[in-house]
Amino acid sequence: MKRIIYGLIMSAIPAMAMADGADFTVSHLSADNSIVRLVADSGKYLLLPVQEGAPMAHIRVLSDGKLDETLNITLADNKVDYYVPLLISDRGGKNIVLDVTCDTGRSSVRDTHDAVWTKEMKISDTFDTTNVEKYRPLYHHTPVWGWMNDPNGMYYKDGVWHLSYQWNPYGSKWENMTWGHSTSKDLVNWEPQGVSVDRDALGTIFSGSAVVDKDNTAGFGKDAIVAIYTNAARTQRQSLAYSTDGGYTFEKYDGNPIITYEHESRDPNMFWDAEHNVWVLELASALDHEMLIFNSKDLKEWTLVSKFGKGYGSQDGVWECPDLLHLPVLNSDGMPTGEKKWLLICNINPGAPFGGSGVQYFIGDFDGKTFKCDTAPEVTKWMDYGKDYYAAVSFSNAPADRTVLLGWMSNWQYANEVPTRQYRSANSIARDIALFRANDGEIYVASVPAAEMDAVRGKAIDYHSAKLAAKGKTYRLPDENDGICEIVCNIDTKDNSPVTLTLANAQGEKVVMTINPAADTFSMDRTKSGITDFSDNFPCVTVAPARSNDNKVWNLRIFIDRSSVEAFSADGHFVMTNLVFPTSPYNTLTLSQPSAKGMLKSLKVYPVKVASK
Ligand code: FRU
């Protein structure tokens, strides 16, 4: 089976073959079971029509009588929302048969002939991937089509950043979990590479990690890429796949599954602990709200050595997607202190500060086996104070001692419902993280935009410094770039009165950000940001503790793309990520301050420039 072919997508109008029975036949055997028989060598793809919300069909794809793949798909019942490609060439056999089971509620076989999918399926040698979505981001990674959630198996090798991700290639809602794969030389422009790790007899492929096995500890070869992930079927078990071509294609290890823990557990994340000379793997024991820690010498045999988390931090939801990292501690001005600490990332859903999914973390020590948290169990620290940053984990083997994280820019509360169709969900921009000791004496994570973001700045619109006004002063955002930009500003509030920064469009849709010096907080209100009615959980105001050194002087970097706003304090002391769906791009920024005492000391607006999508 070789489904990697998705890498060979063509942006062209599909050259359709006739679908009137010349290329396939459909036999309806009962009200809920049909057989599709494809004519040999008729084309590369069967384009399957999808209708969101239609009953779920279960398809078994047989190649010369052998089961090759199973998938779930909401085949179009009475209208076509979009198509997805099912690869039919390169399956090894001549005779491809689809055994389709779908309970549409029809009671007679005769009526199943009315199901739209049976008339609208098409054979084609190409699949049209031209973007049709107004909300597809320009500079954030998205799948070319289909649903995406967590980033997976991320690593850097030979100048290339590899990002796999939870992907449904057969629809734009969560289903059929597979690792899709994209690569980038600059963390901004991503090339789709098709499937890296595909579903198998042990189940679908949930989240996991990948490392470069530099010393061939596993025996798959020097510099083999070793991925460990959750195989999800009736239960969750952990399996291994390896790649000897740099991470483009993976072989499954014949000893799978390699970890069978007797509670629901998932999202293995591993690293080489050079200090203790051992591989370390963290695994989320999701319902027990704890992270399991394993050791190994060869990446194949793992021993459970400790558990962390019972009673710690937020326990409201399932614990998922761990990461354990050793990081330098900076002082509050960003200067190195020489100290290093361990950071344990623990994604949790629900239970985040503003509902749904969020990234909590713990700071402490680690001796190769046991993580010891510095703070009391009731202390909860959050990585991002928006609603849309989840499943954040790091790239393994990053160069120059960097620790680079990517998150999934959505929230399980409404991720399946956001107003896109061709694809659903994007990643955050890449962020470099370190630790810093804040003025309250505590250690927190500092997240700053990856330096690669500087390279995609277009020519700045450099506005003059100005006194802040109570009635507000409005600045234009780059219309010619659909308002897609990075705003860099320095605001001296002078007194303790709040300053608002409002992004707005001609429709009066707006995102209102508020600097509150008295409370030392930054907030973002998206209640009137555009389309918000797809979920009651979407309209909201999110608030971050700013942990500023000088709560009167605010240096901000705000990244705007077609459907997101990510606001950072320049020193990384807070970050807030929120999705927005304005009906037309925000094209103005208005600053105002009721006391009118403060100063806008500088304001630069950089159009973000990358090849258009
Ligand atoms: C987190 C998560 C993971 C799981 C994956 C399934 O968003 O629930 O725990 O591996 O998504 O897609």
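Yes/no matrix, rows are residues, columns are (1) assigned to a strand (DSSP E or B); (2) modelled with pLDDT of 95 or more; (3) farther than 19 Å from SER42 by Cα:
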| residue | (1), (2), (3) |
| --- | --- |
| ASN72 | yes, yes, yes |
| LEU86 | yes, yes, no |
| GLY92 | no, no, no |
| VAL97 | yes, yes, no |
| THR101 | yes, yes, yes |
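As for the range 512-528, it holds at least one residue that is out of contact with any His (no Cβ under 9 Å at 6 or more places or on another chain), part of a strand (DSSP E or B) and among the charged types (D, E, K, R). In the range 441-457, the residues that are surrounded by fewer than 21 Cβ atoms within 10 Å (Cβ to Cβ) reach residues that are among the hydroxyl-bearing types (Ser, Thr, Tyr) with C-beta atoms within less than 8 angstrom, at least six apart or across chains, in these pairs: GLU442/THR375; VAL456/TYR139; ARG457/TYR606.
With respect to GLY219, determine if the residue is surrounded by 19 or more Cβ atoms within 10 Å (Cβ to Cβ), in the same structural domain as PRO151 (by TED's automatic domain parsing) and on the phi > 0 side of the Ramachandran plot. Explain how you work it out, then say what you get.
Working: surrounded by 19 or more Cβ atoms within 10 Å (Cβ to Cβ): no; in the same structural domain as PRO151 (by TED's automatic domain parsing): yes; on the phi > 0 side of the Ramachandran plot: yes.
No: the conditions fail for GLY219.
Of all residues in the range 181-211, those satisfying the criterion of being farther than 16 Å from VAL160 by Cβ, more than 12 Å from the ligand (Cβ to nearest atom) and assigned to a strand (DSSP E or B) are VAL195, VAL197, ASP200.
Residue check: is GLY255 in a loop (DSSP other than H, G, I, E, B) and over 25 Å from the mean Cα position of the chain (by Cα)? So GLY255 passes the test.
When the range 304-331 is limited to residues that are farther than 15 Å from SER265 by Cβ and among the hydroxyl-bearing types (Ser, Thr, Tyr), the one that is nearest to the ligand (Cβ to nearest atom) turns out to be SER314. Exactly one residue among LEU299, LEU283, LEU287 is within 14 Å of the ligand (Cβ to nearest atom) and not in a strand (DSSP E or B), and that residue is LEU287. Selection within the range 161-180: residues that are part of a loop (DSSP other than H, G, I, E, B) and either within 11 Å of the ligand (Cβ to nearest atom) or of a type outside the set (Phe, Trp, Tyr) (or both). The member of this set that is nearest to TYR229 (Cα to Cα) is MET177. Of all residues in the range 561-613, those satisfying the criterion of being over 30 Å from ARG437 (Cβ atoms) and of a type in the set (Phe, Trp, Tyr) are PHE581, TYR586, TYR606.
Every residue, every condition in (1) crowded, with 23+ Cβ neighbours inside 10 Å; (2) more than 15 Å from the ligand (Cβ to nearest atom), yes or no:
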residue	(1), (2)
GLU339	no, yes
LEU344	yes, yes
ASN349	no, no
ILE363	no, yes
LYS372	no, yes
ASP388	yes, no
ALA392	yes, no
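When only residues in the range 222-234 that are surrounded by fewer than 20 Cβ atoms within 10 Å (Cβ to Cβ) and more than 12 Å from the ligand (Cβ to nearest atom) count, which is modelled with the lowest pLDDT? The qualifying residue modelled with the lowest pLDDT is ARG234.
Yes or no: ARG237 more than 17 Å from ALA391 (Cα to Cα), within 16 Å of the ligand (Cβ to nearest atom) and not in a loop (DSSP other than H, G, I, E, B)? Show your work before the answer.
Working: more than 17 Å from ALA391 (Cα to Cα): yes; within 16 Å of the ligand (Cβ to nearest atom): yes; not in a loop (DSSP other than H, G, I, E, B): yes.
When the stated conditions are applied, ARG237 passes them.
If PHE522 passes every condition in (1) without any contact (Cβ under 8 Å) to a residue 12 or more places away in the chain; (2) under 19 Å from TRP382 (Cβ atoms) but one, which one does it miss? The number of the failed condition is (1).
Evaluate the range 121-143: report whether one residue or more is within 16 Å of the ligand (Cβ to nearest atom) and more than 23 Å from ASP388 (Cα to Cα). Checking the range 121-143: not a single residue is within 16 Å of the ligand (Cβ to nearest atom) and more than 23 Å from ASP388 (Cα to Cα).
The values are calculated or read from the model by the stated rules, or taken from the named source; none is laboratory data. Computed from a prediction, not measured in an experiment: that's the story for all the values here. Here Cβ is always computed from backbone atoms with ideal geometry, including for glycine, and neighbour counts include all displayed protein chains.
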